[in-house]
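The values are calculated or read from the model by the stated rules, or taken from the named source; none is laboratory data. Keep in mind that what you see is a predicted model, and the values were worked out from it rather than measured. Backbone-built Cβ (ideal geometry, glycine too); neighbour counts: all protein chains shown.
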Ligand SMILES: [Zn+2]
């Protein structure tokens, strides 16, 4: 066994006496005047619970002693949007009240700050459902396009105006509960037409360029034949090949806007339509210094929104009346045949100098031009066709 020493501390008699007196006094105070230091027994939904005396109904809720749940967040049709997002469960005190010889059961709902008593029989009640707030909102009804006439060129006869509908929408569910048309939209009216059908003229149009190699090759053929055409260019390409753009301009061809990135506008958002038309215009104006008067929507995808944006720049829309599907790269002879069989006075022919391998298109242009010349046609740009 090892040994150890204990150091003796001198007793402080006065101090001990003082402390024990204070301790006794405190104990007396607790015992006599603060009985709340004890506990009470209650039952909540049949379960016994020991709570500090002075506990409130709210304490029971925060201790999660209740068997009932909170209500739900619901819409006006009663469909649940979020479970448990309604009112919290409520607590009731079950008591007996003498009524003659019998005793009736009395339940009293308790506020959160109601103090509980020894022996309380408590029950919880499911919280009430809460209905979501609903907000009115006004929604624009888009403008439809109404076409009149036939032909490759389009003139905007009436811009149309959007309608207005008023809806009541659930703030949480997003459901539309009421929907009323306040104002019907009026359609945009677009007149399609053939320009001056008497003159034996043809407008060749080339889309999706400028494209390195192909565009210059086509320009060479047109120059050799003394023919002018229209080029619907993509803004992004315009910035990449400014020298080709300058040559198109200098050789007397018409420059058209075919959007910034060749986006199918019928499926695009209004913001995207605006950007595509605006940036396509900006590219040609800044690189070539000319303001395009013609617009061709990629894929021919028109909408009232496109018509509206195009009108802002005072452009006109040009579609086509002859489409040999050259972008599918059919044999050169097929391409030539398709154009020659479909050309009529005032025809607008759709061809492509950009967007892929256009070797066959390049090879077809010369024979098409020469054969049509033989048949008495002259070639014009869209500007000239229109006059
Ligand atoms: Zn195109």
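Within region 86-113, the residues that satisfy the criterion of being buried (at least 17 other Cβ atoms within 10 Å of the Cβ) and not in a strand (DSSP E or B) are 86, 88, 89, 110. When region 141-168 is examined, which residues are found to be touching a residue at least 40 places away in the same chain (Cβ under 8 Å) and under 25 Å from the mean Cα position of the chain (by Cα)? 141, 142, 143, 144, 145, 160, listed by residue number.
Taking the conditions (1) under 25 Å from residue 370 (Cα atoms); (2) within 16 Å of the ligand (Cβ to nearest atom) in turn, residue 223 satisfies each one other than (2).
Can you work out which of the residues in region 115-142 that are touching a helix residue (DSSP H, G or I) at 6+ places or on another chain (Cβ under 9 Å) and surrounded by fewer than 17 Cβ atoms within 10 Å (Cβ to Cβ) is farthest from residue 173 (Cα to Cα)?
Checking each candidate, the answer is 115.
If you check residue 249 against the conditions, is it away from the ligand (no atom under 16 Å from the Cβ), farther than 30 Å from residue 164 by Cβ and surrounded by fewer than 20 Cβ atoms within 10 Å (Cβ to Cβ)?
Working: away from the ligand (no atom under 16 Å from the Cβ): yes; farther than 30 Å from residue 164 by Cβ: yes; surrounded by fewer than 20 Cβ atoms within 10 Å (Cβ to Cβ): yes.
Yes, satisfied.
Here 178, 225, 198 are screened, and the one residue that is touching a helix residue (DSSP H, G or I) at 6+ places or on another chain (Cβ under 9 Å) and either in contact (Cβ under 8 Å) with a residue 12 or more places away in the chain or not assigned by TED's automatic domain parsing to the domain that holds residue 350 (or both) is 225.
Every residue, every condition in (1) under 40 Å from the mean Cα position of the chain (by Cα); (2) closer than 22 Å to residue 367 by Cβ, yes or no:
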| residue | (1), (2) |
| --- | --- |
| 207 | yes, yes |
| 212 | yes, no |
| 217 | no, yes |
| 224 | no, yes |
| 227 | no, yes |
| 267 | yes, no |
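All conditions but one from (1) farther than 17 Å from residue 205 by Cβ; (2) in a helix (DSSP H, G or I); (3) within 16 Å of the ligand (Cβ to nearest atom) apply to residue 361; the one that does not is (1). Name the single residue, out of those in region 278-327 being within 13 Å of the ligand (Cβ to nearest atom) and assigned to a helix (DSSP H, G or I), that is surrounded by the fewest Cβ atoms within 10 Å (Cβ to Cβ). Per the criteria, the residue is 299. Sub-6 Å Cβ pairs linking a first residue in region 247-258 that is outside the structural domain of residue 290 (by TED's automatic domain parsing) to a second residue that is within 15 Å of the ligand (Cβ to nearest atom) and part of a strand (DSSP E or B), at least 6 apart or interchain, number zero.
On the basis of being within 20 Å of residue 321 (Cα to Cα), more than 16 Å from the ligand (Cβ to nearest atom) and either surrounded by fewer than 21 Cβ atoms within 10 Å (Cβ to Cβ) or in the same structural domain as residue 145 (by TED's automatic domain parsing) (or both), does residue 192 make the cut? Before the answer, list the steps.
Values: within 20 Å of residue 321 (Cα to Cα): yes; more than 16 Å from the ligand (Cβ to nearest atom): yes; either surrounded by fewer than 21 Cβ atoms within 10 Å (Cβ to Cβ) or in the same structural domain as residue 145 (by TED's automatic domain parsing) (or both): yes.
Yes.
Given the criteria away from the ligand (no atom under 14 Å from the Cβ), in contact (Cβ under 8 Å) with a residue 60 or more places away in the chain and within 21 Å of residue 295 (Cβ to Cβ), does residue 217 qualify?
Values: away from the ligand (no atom under 14 Å from the Cβ): yes; in contact (Cβ under 8 Å) with a residue 60 or more places away in the chain: yes; within 21 Å of residue 295 (Cβ to Cβ): no.
It is false that residue 217 is away from the ligand (no atom under 14 Å from the Cβ), in contact (Cβ under 8 Å) with a residue 60 or more places away in the chain and within 21 Å of residue 295 (Cβ to Cβ).
Hey, does region 331-350 have a residue that's within 13 Å of the ligand (Cβ to nearest atom) and either farther than 18 Å from residue 215 by Cβ or out of contact with any strand residue (DSSP E or B) (no Cβ under 7 Å at 6 or more places or on another chain) (or both)? Before the answer, list the steps.
Applying the first criterion (within 13 Å of the ligand (Cβ to nearest atom)) to region 331-350 yields 350.
Filter again for either farther than 18 Å from residue 215 by Cβ or out of contact with any strand residue (DSSP E or B) (no Cβ under 7 Å at 6 or more places or on another chain) (or both), leaving none.
Taking every residue of region 331-350 in turn, none turns out to be within 13 Å of the ligand (Cβ to nearest atom) and either farther than 18 Å from residue 215 by Cβ or out of contact with any strand residue (DSSP E or B) (no Cβ under 7 Å at 6 or more places or on another chain) (or both).
The selection criterion, being surrounded by fewer than 22 Cβ atoms within 10 Å (Cβ to Cβ), assigned by TED's automatic domain parsing to the domain that holds residue 222, at pLDDT 95 or above and within 27 Å of residue 200 (Cα to Cα), holds for residue 338. Suppose the filter is at pLDDT 95 or above, closer than 19 Å to residue 315 by Cα, within 15 Å of the ligand (Cβ to nearest atom) and crowded, with 23+ Cβ neighbours inside 10 Å; does residue 261 pass it? When the stated conditions are applied, residue 261 does not pass them.
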